[in-house]
1. Tell me the residue from 103, 117, 73, 83 that is within 14 Å of the chain's Cα centre (by Cα), at pLDDT below 95 and buried (at least 18 other Cβ atoms within 10 Å of the Cβ), please.
2. Taking the stretch 127-159 only, how many residues are under 19 Å from residue 3 (Cα atoms) and crowded, with 17+ Cβ neighbours inside 10 Å?
3. Which one is farthest from residue 114 (Cα to Cα) among residues in the stretch 86-95 that are touching a strand residue (DSSP E or B) at 6+ places or on another chain (Cβ under 7 Å) and surrounded by fewer than 16 Cβ atoms within 10 Å (Cβ to Cβ)?
4. Tell me yes or no: at least one residue of the stretch 126-141 is on the phi > 0 side of the Ramachandran plot and in contact (Cβ under 8 Å) with a residue 60 or more places away in the chain.
5. Show me the strands (runs of 3 or more DSSP E) found entirely inside the stretch 75-159 where at least 3 residues are under 28 Å from residue 8 (Cβ atoms).
6. Of all residues in the stretch 34-70, how many are more than 25 Å from residue 116 (Cβ to Cβ) and modelled with pLDDT of 90 or more?
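The values are calculated or read from the model by the stated rules, or taken from the named source; none is laboratory data. Source: prediction; values computed, not measured. Note that we place each Cβ from the backbone using ideal geometry, even for glycine, and neighbour counts take in every protein chain shown.
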């Protein structure tokens, strides 16, 4: 378990968090591709020997599923591209994209909106760099006070 005491520990932890984020997004991509293939198989397996209206409705529903999954695939691929460009190889003094910070006993990683992850026995909230939360806290440093969950709290560390 990484203790987050030394600079090397902190960088190693950031790399672990980023790797888990990439793993999650790759899983989304695989799921979307599988769903697209399944929708295509379903559309191809419907034959026109069934009632005409039923066939057309089935084809339309399959197309809607395919479109939705294609959109999810595109979004996941964009998130992966964005995530891969984030540099986690250095420590930060201020909260910015790619930094980890602690607030109210919770670790946050600024990247994409993935929500909570379990990394090395630590719970990490992965928040989007486009979120209002990030907009309100970016450029803050350890020791600064921020209103979080209806109470004032101090940012414990930033790296």
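1. 73
2. Number satisfying all stated conditions: 3.
3. 93
4. The answer is no; no qualifying residue exists.
5. Fully inside the stretch 75-159 and qualifying: 100-103, 106-111, 115-119, 122-128, 151-158.
6. 0
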